[in-house]
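The structure appears right after this line, and notes come after that.
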RNA sequence: GGGGUCGUAGUUAAGUCGGUUAUAACGCCGGCCUGUCACGCCGGAGGCCGUGGGUUCGAGUCCCAUCGACCCCGCCA
């Protein structure tokens, strides 16, 4: 470190000074968080990454420093030499970690001045995200954001500690790689030396990690950036970080137990939270039936009940028609939900419309029967049976959605979370981990008009379902598993296909032409023929994991330099135009 | 690709039915102040009302387009 004041070096961080340092001389360096200039006495809160401490400029203790201190403004960078002074009892500031002490300045050097910042860095004033992102380096001075970034560093470090101890080997894989069909849109990088050819940035190191298993590394991991050129969300960035892993000679339970150990280690080391594996498991089917989605938030109950049989027999046309035409009628039962106002109930209909539902039907359960416009379509016996199935008691509210199965699940799945938030059912301190297993291997895509891989095309089918690949594709179960935490998918993986014949069969089932398979995956299929061990792996979204650990609302709060929803960086102004020369060199033309 | 919210001093917001000189708080600048800690008191400066067009005698306000940020659906193996 460079030397400043009279040849002295920084002795410690501002935020770390405590009563035990009283009487000692310190040299501090940091930013002016706030100044209180009383004319005679001047107080400065000096800030560094560990916190702030009060500096006192007293004309009797340091006349030159006091004179200079009048010129100090917010965010100036200072070096201060002085004595740590224990504050008199009536001047202790209990809201500061350093509140029992202060530093009496004897010498001051202004290391740098600062323009007035475009927003106040007090962490309390709401500032538009636009501005925060443009001046990200200033936003990053704020305590909350620094805490998140520091937590992220610790999680990455503890992940490495754990995995190295478990015999995993970190291997770097290429960023400049090959574009492959299936999956997300690729970010492309033009090749200069081979005009008209492109690299793709990896959506994940999937093929490389499997090839490392072929190579015999046995256990691989990497904390690695991945790139997907798709539309963004509050929890999605175009470049994001995965904890990527692969293991040989293992089955589902081996991976699950390693990950349960890894999560326990990370949460204990970084948050002091003790987890209690094994985590509960749900099949995909159960998750959809009970929670409406494959990433259920299991911090609260409020489960979905299937009432297709009962409600389908009611005189209510919408219900009977839905049941008759292959749709389903499902419900959420809110105990004591009768308090919902008519206005709130109407708003629920709007809430589910993005998921394709035409509305939410509701009844209030009273001591003697139902109230609400739907009540007249149900007789006493039907009500009784529905009460039994849903557990509804007087005072409850029953919310029905009738539609195609996928619409009903999506609607009620979202509504369930919304209601839980509204009713305060979610304990923010709970950590609800759940494994989701037995995903379908294929999903039919209406837009593509064909079956697509639910997970990815290298996922192994359940052995007993292999015959179904030819006959009943939709029913083939995958040896895939996701780890869900508090309603967020934080990781997912699978046992891979290690037999070239099965891999070819899957490519074929996905509608890939033989020549296409050879061009895109030929090298990989060939590799599988040189002695591939049974293997499988998993990848975690580090950003999402940190979000939950930090209690962050947006993925931007856990990434130092994030991009906007339009994938631009407001600070550096990327992406931007490039010169004609650059384009010519790459043989590219803007159309 | 679709739906929604927002854009007014440096910042955060108010701005009525379209009508005089566009308000306030914080911040900033100057002055006073020796125990403040969101210091206090006095004074002052500060506006492309996102941008472009239209309607009107007159637009921050109404209409159209556009740019940007955010949220959701589709999409994200």
Residues of segment A:367-387 satisfying the condition of being within 19 Å of residue A:305 (Cα to Cα) and not in a helix (DSSP H, G or I): A:370, A:374, A:378
Count of residues meeting criterion [touching a residue at least 40 places away in the same chain (Cβ under 8 Å) and more than 10 Å from RNA strand B (Cβ to nearest atom)] in segment A:542-578: 16
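Rundown of residues vs (1) surrounded by fewer than 17 Cβ atoms within 10 Å (Cβ to Cβ); (2) within 16 Å of RNA strand B (Cβ to nearest atom), yes/no style:
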{"site": "A:135", "(1), (2)": "no, yes"}
{"site": "A:141", "(1), (2)": "no, yes"}
{"site": "A:147", "(1), (2)": "yes, no"}
{"site": "A:151", "(1), (2)": "no, no"}
{"site": "A:154", "(1), (2)": "yes, no"}
{"site": "A:159", "(1), (2)": "no, no"}
{"site": "A:165", "(1), (2)": "yes, no"}
{"site": "A:168", "(1), (2)": "no, no"}
{"site": "A:174", "(1), (2)": "yes, yes"}
When residues of segment A:442-468 are limited to those that are at pLDDT 90 or above, outside any strand (DSSP E or B) and within 16 Å of RNA strand B (Cβ to nearest atom), the one surrounded by the fewest Cβ atoms within 10 Å (Cβ to Cβ): A:454
Residue in segment A:417-438 that is closer than 30 Å to residue A:532 by Cα and either touching a helix residue (DSSP H, G or I) at 6+ places or on another chain (Cβ under 6 Å) or without any contact (Cβ under 8 Å) to a residue 40 or more places away in the chain (or both) present: yes
Enumerated helices (runs of 4 or more DSSP H) restricted to segment A:255-342, each holding at least 1 residues that are at pLDDT below 95, in contact with a strand residue (DSSP E or B) (Cβ under 8 Å, 6 or more places away or on another chain) and crowded, with 19+ Cβ neighbours inside 10 Å: A:308-311, A:317-324
Candidates A:105, A:89, A:69 - the one that is more than 9 Å from RNA strand B (Cβ to nearest atom) and either on the phi > 0 side of the Ramachandran plot or modelled with pLDDT under 95 (or both): A:89
Residues of segment A:469-490 classified as free of Cβ contacts under 8 Å to residues at least 12 places away in the same chain and either within 11 Å of RNA strand B (Cβ to nearest atom) or assigned to a loop (DSSP other than H, G, I, E, B) (or both), total: 1
Top-ranked residue of segment A:72-86 - restricted to ones that are touching a helix residue (DSSP H, G or I) at 6+ places or on another chain (Cβ under 9 Å) and closer than 12 Å to residue A:19 by Cα, ranked as nearest to RNA strand B (Cβ to nearest atom): A:86
Which numbered condition residue A:308 misses (of (1) over 19 Å from residue A:356 (Cα atoms); (2) free of Cβ contacts under 8 Å to residues at least 24 places away in the same chain): (1)
Near pairs, Cβ below 6 angstrom, 6+ apart or cross-chain, from segment A:169-198 (more than 24 Å from residue A:575 (Cα to Cα)) to any residue that is in a loop (DSSP other than H, G, I, E, B): A:169/A:217; A:173/A:205; A:182/A:457
Exclusive hit being buried (at least 18 other Cβ atoms within 10 Å of the Cβ) and away from RNA strand B (no atom under 11 Å from the Cβ), set A:17, A:55, A:44: A:17
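Would you say residue A:364 is more than 14 Å from RNA strand B (Cβ to nearest atom) and either under 21 Å from residue A:284 (Cβ atoms) or in a loop (DSSP other than H, G, I, E, B) (or both)? Steps first, please.
Values: more than 14 Å from RNA strand B (Cβ to nearest atom): yes; either under 21 Å from residue A:284 (Cβ atoms) or in a loop (DSSP other than H, G, I, E, B) (or both): no.
When the stated conditions are applied, residue A:364 does not pass them.
Test residue A:131 against the stated conditions and say whether it is modelled with pLDDT under 95, farther than 30 Å from residue A:267 by Cβ and touching a helix residue (DSSP H, G or I) at 6+ places or on another chain (Cβ under 7 Å).
Details: modelled with pLDDT under 95: yes; farther than 30 Å from residue A:267 by Cβ: yes; touching a helix residue (DSSP H, G or I) at 6+ places or on another chain (Cβ under 7 Å): no.
Spelling it out, it is not the case that residue A:131 is modelled with pLDDT under 95, farther than 30 Å from residue A:267 by Cβ and touching a helix residue (DSSP H, G or I) at 6+ places or on another chain (Cβ under 7 Å).
The values are calculated or read from the model by the stated rules, or taken from the named source; none is laboratory data. This structure is a prediction, so every number in the text was calculated from the model and none was measured. All Cβ positions, glycine included, derive from the backbone under ideal geometry; neighbour counts span all protein chains shown.
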